[in-house]
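Undergrad: Encoded as C-alpha cells, here's the structure I'll be asking about.
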2 protein chains.
Amino acid sequence: MSKLVVVGTVAFDAIETPFGKTDKILGGAATFIGLSASHFNTDVALVSVVGGDFPQEYLEMMKNRGMNIDGIEVVEDGKTFFWSGRYHNDMNSRDTLVTELNVLADFNPIVPEEYKDAEVVMLGNLHPAVQMGVLDQTPNAQLVILDTMNFWMDIELELLKKVIERVDVITINDEEARQLSGEYSLVNAAKKIHEMGPKYVVIKKGEHGALLFHDGDIFFAPALPLEEVFDPTGAGDTFAGGFAGFLAASGDYSFENMKRAIIYGSNFASFCVERFGTERMQSITNDEIETRLKQFQALTKFEMKA
Amino acid sequence: MSKLVVVGTVAFDAIETPFGKTDKILGGAATFIGLSASHFNTDVALVSVVGGDFPQEYLEMMKNRGMNIDGIEVVEDGKTFFWSGRYHNDMNSRDTLVTELNVLADFNPIVPEEYKDAEVVMLGNLHPAVQMGVLDQTPNAQLVILDTMNFWMDIELELLKKVIERVDVITINDEEARQLSGEYSLVNAAKKIHEMGPKYVVIKKGEHGALLFHDGDIFFAPALPLEEVFDPTGAGDTFAGGFAGFLAASGDYSFENMKRAIIYGSNFASFCVERFGTERMQSITNDEIETRLKQFQALTKFEMKA
C-alpha cells in the first residue's frame with residue numbers, strides 16, 4: 001500500500017455562521033485532509049502538533065479511521081492551536097475573530113521513520129518553513145501537493161516561493177492565485193504559477209468549482225449545487241485530502257487521473273459543508289459517496305449530436 | 001424553417017473598461033440576441049424601436065446576417081435608446097453612467113404579420129409590458145424564453161410575475177434569482193421560480209458558468225476560462241441568443257437538447273467578451289465556433305474507472 005504523509009494543523013475551531021455557533025470543536029487542515037484521504041486505500045500518516053489540552057478521544061478517532069498519528073507531537077504543557085471565525089451571510093467571506101498559535105509557534109515537524117519513503121506528500125496550509133521541513137524528510141516523494149494561503153504570501157513570500165519550486169501540484173483559491181501571480185485572468189495566473197515550479201495548478205473557487213491547469217490543458221469541476229451550505233470550514237482541506245488520497249491510492253499521477261481526483265475532492269467537500277466542523281466527514285458512508293459521484297457525472301454531461 | 005421572434009432593445013452603448021473606452025457604438029439586447037441566434041438555421045425576426053439617428057448601415061448589417069427587421073420601428077423624429085456604463089477592474093460589476101430611454105419610453109411592439117405564428121419567442125430584457133405585448137401577438141409559440149433584470153423586479157414586479165407565469169424558460173443571473181425568489185441557495189431559488197411558472201430555469205453566473213434546472217435535474221455549463229475579458233457588455237444577451245437560436249433551429253425542446261443549447265450560448269458568449277460591443281460577434285466564423293465547442297467538451301469531460 002502506498003504511503004501518504006500529511007502535514008498540517010490539528011486544531012480547535014470555534015465557528016459562527018448564520019445558522020448557529022459552536023464552542024471549541026475539532027478542526028485543523030491535517031484533520032480535514034486526513035478524514036478525507038483515509039477513505040482511500042492508502043496508508044495516511046499525519047504530522048502535526050497539539051497541546052496537553054487535546055482530547056484523547058480525537059486522537060483515537062483518527063486511529064480508528066486508519067490514520068497513523070505517530071507524527072502528531074503532544075506538548076503536554078502547551079495548548080492546542082485555536083482559530084475562531086465568523087461567516088458572513090453569503091458564506092463566501094469570513095472574519096477571523098481569534099488566532100492563538102500556541103504549540104504551533106515552535107512546531108518542528110518530525111516525519112516518522114517508516115514514512116520517510118512516502119510516495120505522496122500533502123503539505124497542508126501552515127508556515128512554509130514547516131512545509132519545507134517535511135519536504136526535506138521525504139526525499140522519495142513522487143508527488144508533492146501544496147496547499148497554502150494569502151496569509152503566507154503576505155508575510156513569508158520568499159520562503160513560500162522556495163517551497164512552491166519543489167512541488168508538483170499547488171492548490172490555492174482564485175484570489176490567492178491572483179495575488180501570487182499578479183494576473184487577474186486565472187488562465188494567465190496559472191501560466192505564471194507553472195513557471196514558479198508546479199506542473200499542475202489547481203484553483204479552488206468554492207461554490208463555483210475548481211480548475212485544473214496542466215501544460216496548456218484545462219479541466220473544470222463544478223461544485224455540487226447544494227440546497228444548504230451550513231459551514232464552509234475545512235471544505236478546501238477536505239477537497240485537498242480527497243484529491244491526495246485518490247492519487248496516492250491509485251499511484252497514477254497523470255492529467256486524466258488528476259481529473260478524477262478533483263471530482264473526488266469536490267465530492268468530499270460537498271459533504272463537509274453540510275454540518276459544523278468535521279461532523280459530516282465523520283459520518284459519510286461509501287454509498288453516499290457513490291451516489292453523489294453519479295450526481296457529479298450527470299451535472300456536466302452532455303452529448304453534441306453528430 | 002422555424003421562426004424565432006426576438007423582442008429587445010436596439011441601442012447605442014458607450015462603454016468604459018479598464019482596457020479603453022468607446023464612443024456611441026451599436027448595442028442593445030435584441031442586437032446581441034439576433035447576432036447570436038442568426039448563426040443557426042432559423043428565421044430570426046427582431047421587434048424593437050430606434051430613432052431617426054440610428055445608422056442605416058447597422059440595419060443593413062442585420063439584414064445581411066439574415067435577420068428580418070420589419071418589426072424594428074424607426075421613429076424619425078426620435079432618438080435611439082442610449083446606455084453608458086463603466087466596468088470596474090474585476091469586470092464583474094459596473095456603474096451605469098447614463099440611461100436615456102428616448103424612443104423606448106413609448107414603445108409599442110408590433111410583431112410583423114408573417115411572424116405571429118412563430119414557434120419560438122425570445123423576450124429580451126426590457127419593460128415587462130412590452131414583453132407581454134409580444135406574447136399576446138404570438139399565440140402559437142411552443143417555446144417562450146424570458147430574460148429580465150433586477151431593475152424590473154425593483155419597479156414592475158407584479159407585472160413581471162405575470163410575464164414569468166407565461167414563459168417556459170427564464171434566464172436570469174444569480175443575484176436576480178436570489179432577489180426574485182428570496183432564497184440564497186440557487187437550488188432553492190430555482191425551485192421557487194419553477195413554482196412561478198417556468199419549467200426551465202437558467203441561472204447565469206457570468207465567468208462562473210450557467211446552471212439549468214428542470215424538474216429536479218440540474219445541468220451545469222462552465223464559462224470557458226479566457227486569457228482576457230475585454231468587455232462583458234452583451235454577454236448575457238449573446239448567451240440567450242445562442243440558446244434560443246439553437247433550440248429554434250432544432251425544434252427539440254427537451255432537457256437533453258437544452259443542455260446543448262446552453263453550451264452553444266456559453267460558446268457565443270465567450271467570443272462576445274473578447275472585443276468591445278458587437279465587434280467580435282460580427283466577425284466569428286463557423287470554424288472558430290466548432291473549435292471552441294471542442295474546448296467546451298474537453299473542459300468538463302472525465303471518465304471514472306470501472
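The values are calculated or read from the model by the stated rules, or taken from the named source; none is laboratory data. Note that the structure is predicted; figures quoted are calculated from it, not measured. All Cβ positions, glycine included, derive from the backbone under ideal geometry; neighbour counts span all protein chains shown. The protein model used for the area step is the full one, side chains on, heavy atoms only, and it has no ligands, DNA or RNA in it. Shrake-Rupley method; radii C 1.70, N 1.55, O 1.52, S 1.80 Å.
Undergrad: What is the one condition in (1) touching a Gly at 6+ places or on another chain (Cβ under 8 Å); (2) within 11 Å of chain B (Cβ to nearest Cβ) that residue A:205 does not satisfy?
TA: Of the numbered conditions (1) touching a Gly at 6+ places or on another chain (Cβ under 8 Å); (2) within 11 Å of chain B (Cβ to nearest Cβ), the odd one out for residue A:205 is (1).
Undergrad: Go through (1) surrounded by 16 or more Cβ atoms within 10 Å (Cβ to Cβ); (2) within 10 Å of another protein chain (Cβ to nearest Cβ); (3) not in a helix (DSSP H, G or I) one by one and return the number of the condition residue A:191 breaks.
TA: Against the list (1) surrounded by 16 or more Cβ atoms within 10 Å (Cβ to Cβ); (2) within 10 Å of another protein chain (Cβ to nearest Cβ); (3) not in a helix (DSSP H, G or I), residue A:191 comes up short only on (3).
Undergrad: Give the residue that is least open to solvent (accessible area, probe 1.4 Å), with candidates limited to residues of the range A:276-299 that are under 25 Å from residue A:62 (Cβ atoms) and of a type in the set (Ser, Thr, Tyr).
TA: Step by step, filter the range A:276-299, then rank; the result is A:278.
Undergrad: Within the range B:254-298, track down each residue that is within 14 Å of chain A (Cβ to nearest Cβ), among the charged types (D, E, K, R) and without any contact (Cβ under 8 Å) to a residue 40 or more places away in the chain.
TA: B:256, B:260, B:290, B:294
Undergrad: Here's another thing I want to ask about it. Under the condition of being surrounded by fewer than 18 Cβ atoms within 10 Å (Cβ to Cβ) and assigned to a helix (DSSP H, G or I), which residue from the range B:175-186 is farthest from the chain's Cα centre (by Cα)?
TA: B:179
Undergrad: Can you name every residue in the range B:74-83 that is within 20 Å of the chain's Cα centre (by Cα) and either farther than 26 Å from residue B:97 by Cβ or in a loop (DSSP other than H, G, I, E, B) (or both)?
TA: B:80, B:81
Undergrad: Being out of contact with any Phe, Trp or Tyr (no Cβ under 8 Å at 6 or more places or on another chain) and at negative phi is the filter here; which residues of the range B:194-217 pass it?
TA: B:195, B:196, B:198, B:199, B:205, B:207, B:208 - these are the residues of the range B:194-217 that are out of contact with any Phe, Trp or Tyr (no Cβ under 8 Å at 6 or more places or on another chain) and at negative phi.
Undergrad: One residue is enough: does the range A:86-93 have a residue meeting the conditions farther than 17 Å from residue A:34 by Cα and among the aromatic types (Phe, Trp, Tyr)?
TA: yes
Undergrad: Still on this structure, please answer the following. Being touching a Gly at 6+ places or on another chain (Cβ under 7 Å) and either crowded, with 23+ Cβ neighbours inside 10 Å or within 23 Å of residue B:166 (Cβ to Cβ) (or both) is the requirement here; does residue B:220 meet it?
TA: yes
Undergrad: Answer with yes or no whether residue A:244 is more than 24 Å from residue A:83 (Cβ to Cβ), away from chain B (no Cβ under 12 Å), buried (at least 17 other Cβ atoms within 10 Å of the Cβ) and in contact with a strand residue (DSSP E or B) (Cβ under 7 Å, 6 or more places away or on another chain).
TA: Judged against the criteria, residue A:244 is not a match.
Undergrad: Another one. Restricting attention to the range B:1-40, which residues are at pLDDT below 95 and over 18 Å from residue B:276 (Cβ atoms)?
TA: B:1, the sole residue that qualifies.
Okay, residues lined up against (1) within 15 Å of the chain's Cα centre (by Cα); (2) hydrophobic (A, V, I, L, M, F, W, C); (3) open to solvent by 50 Å² or more (accessible area, probe 1.4 Å):
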{"position": "A:115", "(1), (2), (3)": "no, no, no"}
{"position": "A:118", "(1), (2), (3)": "no, yes, no"}
{"position": "A:124", "(1), (2), (3)": "yes, no, no"}
{"position": "A:137", "(1), (2), (3)": "no, no, no"}
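Undergrad: Here is a follow-up. Going by the conditions given, is residue B:169 touching a Lys or Arg at 6+ places or on another chain (Cβ under 8 Å) and not hydroxyl-bearing (Ser, Thr, Tyr)?
TA: yes
Undergrad: Next up: Looking only at the range B:1-37, which residues are more than 24 Å from residue B:227 (Cβ to Cβ) and in a helix (DSSP H, G or I)?
TA: Those that are more than 24 Å from residue B:227 (Cβ to Cβ) and in a helix (DSSP H, G or I): B:29, B:30, B:31, B:33, B:34, B:37.
Undergrad: Can you go through A:169, A:202 and tell me which one is crowded, with 16+ Cβ neighbours inside 10 Å, under 15 Å from the mean Cα position of the chain (by Cα) and over 28 Å from residue B:18 (Cβ atoms)?
TA: A:169 is the lone residue from the list that is crowded, with 16+ Cβ neighbours inside 10 Å, under 15 Å from the mean Cα position of the chain (by Cα) and over 28 Å from residue B:18 (Cβ atoms).
Undergrad: Keeping to the range B:194-218, report how many residues are assigned to a helix (DSSP H, G or I) and farther than 19 Å from residue B:277 by Cα.
TA: 4
Undergrad: I'm trying to understand the selection: among the residues of the range B:52-71, which are surrounded by fewer than 19 Cβ atoms within 10 Å (Cβ to Cβ) and over 15 Å from residue B:277 (Cβ atoms)?
TA: The answer is B:52, B:53, B:56, B:59, B:60, B:63, B:64, B:65, B:66, B:70.
Undergrad: While we're here: Only one of (1) crowded, with 20+ Cβ neighbours inside 10 Å; (2) more than 10 Å from chain A (Cβ to nearest Cβ); (3) in contact with an Asp or Glu (Cβ under 9 Å, 6 or more places away or on another chain); (4) not polar (S, T, N, Q) fails for residue B:251. Which number is that?
TA: Result: residue B:251 fails condition (1) only.
Undergrad: Mind checking which residues of the range A:78-87 are open to solvent by 60 Å² or more (accessible area, probe 1.4 Å) and in contact (Cβ under 8 Å) with a residue 40 or more places away in the chain?
TA: A:86
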